[in-house]
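Report on one structure; see the data block that follows.
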Amino acid sequence: MVAYLVAVAAGSVLVFYSVIFMRAELLAGAVVAGAIALAARAVLRERMPDGMKTEAIFDEETISTEEPTTAESGRVGGLVDLLREWDALEQARGSADFDPWALQSARHEIRSAVSDDPTLERLFRLRS
């Protein structure tokens, strides 16, 4: 992994300097660093545990392809409507049509909708 990161960094620096100083040998070094990075990436992908491969992640049964229930689609649809209203109010900011109280009301309704639904709350929770 260190070889991959070093090769990518060195290749980037060498390309930058080869363009600035117009030196072919620096560009050749960048090509070599790029080849090393590609080889290291291939080795890393081969040695990656099966649980971390993309195919394994999508084969898990946790992904649901079922249609949402009417209650779920109603909540999500209501939230989408609120988000569109909020966006429209933000777009009007700075114009004569801007209503700060309507903006605060829309934000409050969005917070209420998200806090009332645990699924939506997990989606919008800030990651720290």
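The values are calculated or read from the model by the stated rules, or taken from the named source; none is laboratory data. Owing to the predicted nature of the structure, the values given are computational and were not obtained by experimental measurement. Heads up, the Cβs are rebuilt from the backbone with ideal geometry, glycines too, and the neighbour counts pull from every protein chain shown.
Tabulated data
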quantity: Selection count, the range 1-33, where residues are more than 23 Å from Arg47 (Cβ to Cβ) and surrounded by 17 or more Cβ atoms within 10 Å (Cβ to Cβ); calculated: 6
quantity: Residue satisfying all of: in the range 98-128; part of a loop (DSSP other than H, G, I, E, B) and loosely packed, with under 10 Cβ neighbours inside 10 Å; modelled with the highest pLDDT among these; calculated: Arg125
quantity: Residue that is nearest to Val8 (Cα to Cα), among those in the range 18-30 that are under 33 Å from the mean Cα position of the chain (by Cα) and without any contact (Cβ under 8 Å) to a residue 12 or more places away in the chain; calculated: Val19
